[in-house]
1. From A265, A252, A236, which residue is among the aliphatic types (A, V, I, L, M), modelled with pLDDT under 95 and open to solvent by 10 Å² or more (accessible area, probe 1.4 Å)?
2. Output the residues belonging to the stretch 292-306 that are closer than 19 Å to H324 by Cβ and open to solvent by 20 Å² or more (accessible area, probe 1.4 Å).
3. Looking for whichever is open to solvent by 40 Å² or more (accessible area, probe 1.4 Å) and aliphatic (A, V, I, L, M) here; the options are L462, L451, L456. Which one fits?
4. Mind listing whichever residues of the stretch 181-203 are closer than 24 Å to A255 by Cβ and surrounded by fewer than 16 Cβ atoms within 10 Å (Cβ to Cβ)?
5. Can you tell me which residue is least open to solvent (accessible area, probe 1.4 Å) among those in the stretch 607-629 that are of a type in the set (A, V, I, L, M) and farther than 19 Å from G589 by Cβ?
6. Based on this model, can you work out whether A33 counts as touching a residue at least 24 places away in the same chain (Cβ under 8 Å) and over 14 Å from Y95 (Cβ atoms)?
7. Give me the pairs, please: first residue somewhere in the stretch 353-372 and farther than 13 Å from H411 by Cα and touching a residue at least 12 places away in the same chain (Cβ under 8 Å), second residue anywhere and in a helix (DSSP H, G or I) and basic (K, R), beta-carbon distance under 7 Å, and either six or more positions apart or on two chains.
8. Search the stretch 397-437 for residues being free of Cβ contacts under 8 Å to residues at least 40 places away in the same chain and among the hydroxyl-bearing types (S, T, Y), and hand back the single one that is surrounded by the most Cβ atoms within 10 Å (Cβ to Cβ).
Amino acid sequence: MAGCSAISWAARLAEALGQGNPLLAALQQLIDAPDWIASYRCLITHPELLSDEADALLTQLIKGARAADDAAAKVLVEHQALLRRSREVGADVAYVAKLSAPSNGLQVGAEAADDLPVEARQALAEAVISLAAEGLIVNSPEDILAALTTRPSLAANLAEALGDGLVVPSDLQVVVDRANDAEARYLATVEPAALTEAVTAWEHVLSDAAFPTTPKQFQGMALNDAGTIYLRRYWADGRAPDLERAVALFQAVVAQTSPDAPERAGYLSNVGTALRARYGQTGQAEDLDAAMHAFDEALRHTPPDSPALAGRMTDVGTGWLDRHAWTGRTEDLDTAIAAFQEAVDLTPSDSPERALLLSNLGSGLIERYARTGRIEDLDAAIAVCQGAIDSTPPSSPNLAGLLNNYGHALHGRYLWNGRPDDLEAAVRAYSDAVNRTPAESPSQATHLNNLGHGLLDRYARLGQSADLDAAIDALARALNLASERSTVRAGIASNLGSGLRARFERTGRSDDLDAAIRAHEEAIRLATPGSPIVGRHLNNLGNGLRDRYAQSRQQADLDAAIAAWEKAVAATPEGSSDRTRHLNNLAAGLQHRYARTGRGEDLDRAIVVWEEAVAGTPPDASEGIAFQYNLGVGLHVRYERLGD
């Protein structure tokens, strides 16, 4: 495989480098391997070949060989490139890629073996490498199994490495196959009946009288896979008992798995995912804390060369993003974005997992834009969300979430630049996300909320009553779907209040305005204290109270509106694009009160607040002109009052 010239050259350098150099001996063994399977085994035996010292030694060897033996240099360069790629993506993936396997099949063996014992993982990787060397296309674990049926020697070696721990009891094999087939059918068709069939099959396995006596590794697999099915069904139709069952199953498998078992990391990740989903429904901080602890433990137990590492980093990032929504701390958000970015960087560009990782990164960037007003974050979010959609098949159940994030990013840019095409694209993306999401899915409340918000902004731009009615309908449906303690309910209530207030402005129906104020008050009651979103809810309440004041002329409504805007400004960090809007509303309210009471201090303070709004608005933001105009009006009123 390597050729004698490279080996001879390395031997000639041994004396110069020191006869006892163990790295040189390991490199000689690697280069001397008769085939790529032997080379892979050598690397597994000598992980020090992936060190910086080994890379530096190879560089020195290559430099010397180029001056004396070009053929030897080429062999050394080839091995250095393979070792460097092994450091980046893992030896399993690198060796399969070396043998020119199709790009979408590079990680199949590595991912399939990720949670297996080390010996089993190496055996499976060797099987994939051997098949790739034969030119066989490997796109899925099923391709591996099909190939092994005609290669008894390879199958026997793999079976010996796997051992008895993965053997499915014969009387349960048919039921397990039925569960796996049903899950595969659901992933291909998003057919709800397939999930129910899989749940039934797994419950049959778990309730079998012989299940407690089956091998522990099979029990762990069954508990974990059953929990996954329950979690999938919860995501599909929002049944709370399914989520509780998933949490219980995942916790059970972690409890029975030894601390040093390689599969423990995957089980911990699943526990964290289920607990995070429950946090989204209950808002209980202890669920979020427990989820983040599970994610951290899963990451700690994941080897640095594991194909699962990117997924573990993403889990950690989602936890920090949720904590930011709870605490409002910028450092939590920055930590989340850093984790998402590292997950993307760890993932090959042709990986099917990359789309979701990009979308998560986009979510973090969108949130940071909302927090800081940095337009570069928003542009980056749009780019990564578009990339996620472009790399996702149209039939994927993940596409709805990707479209929702993309719409959110475009919507944010519309609010910044006022470009109608961004708003239209956002509404299309939101609508597509809603249409692709099962009616009872927990995600549907979020998707309907965003659609309603987009339609409200389109109504504000075009004035078409159909958009307003559709927005209120979408938001009412979203509020009905969201549980009382859901983390998204506050935002839905706030948007519904905005829609009802807009309809009041169109029709003059006071019942719509009263309902809007109640919705905004509910949003404030439900919002997490300290969250940056609280400022928006308070601002919306102020707007509703201002409108009722305009109708009732009750001083109490105007005073309450000003108090709400003051709290909104205090709750919103400097630099946020929201803050300047809150400042503008507060200044307008103060000027209205000056007009009613004649108190000069209200007018003076209104001018100061408008000056702050103007100073905090980027020069190219569409709202800047309106703020400057309002400031000019305030200064003119004061001039008329004082005469100077």
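The values are calculated or read from the model by the stated rules, or taken from the named source; none is laboratory data. Just so you know, these numbers come straight off a predicted model, no measurement behind them. Don't worry about glycine lacking a Cβ; one is built from the backbone with ideal geometry, like all the others, and counts go over all protein chains shown. Only protein heavy atoms, including side chains, enter the accessible area calculation; ligands, DNA and RNA are left aside. Shrake-Rupley method; radii C 1.70, N 1.55, O 1.52, S 1.80 Å.
1. Working: A265 fails: open to solvent by 10 Å² or more (accessible area, probe 1.4 Å); A252 fails: modelled with pLDDT under 95.
After applying the criteria, what remains is A236.
2. Keep residues of the stretch 292-306 that are closer than 19 Å to H324 by Cβ, which gives 292-296, 299.
Correct list: H293, D296, L299.
3. Working: L451 fails: open to solvent by 40 Å² or more (accessible area, probe 1.4 Å); L456 fails: open to solvent by 40 Å² or more (accessible area, probe 1.4 Å).
Testing whether each residue is open to solvent by 40 Å² or more (accessible area, probe 1.4 Å) and aliphatic (A, V, I, L, M) leaves just L462.
4. Answer for the stretch 181-203, where residues must be closer than 24 Å to A255 by Cβ and surrounded by fewer than 16 Cβ atoms within 10 Å (Cβ to Cβ): there is none.
5. If we filter the stretch 607-629 for residues that are of a type in the set (A, V, I, L, M), which is where we start, we get 607-609, 613-615, 621, 625-626.
Next, only the ones that are farther than 19 Å from G589 by Cβ stay: 615, 621, 625.
Details: A615: 88, A621: 11, I625: 129 Å².
Going through the qualifying residues, I end up with A621.
6. Values: touching a residue at least 24 places away in the same chain (Cβ under 8 Å): yes; over 14 Å from Y95 (Cβ atoms): no.
No; evaluated as a whole, the condition is false for this residue.
7. No pair meets every condition.
8. Selected residue: Y430.
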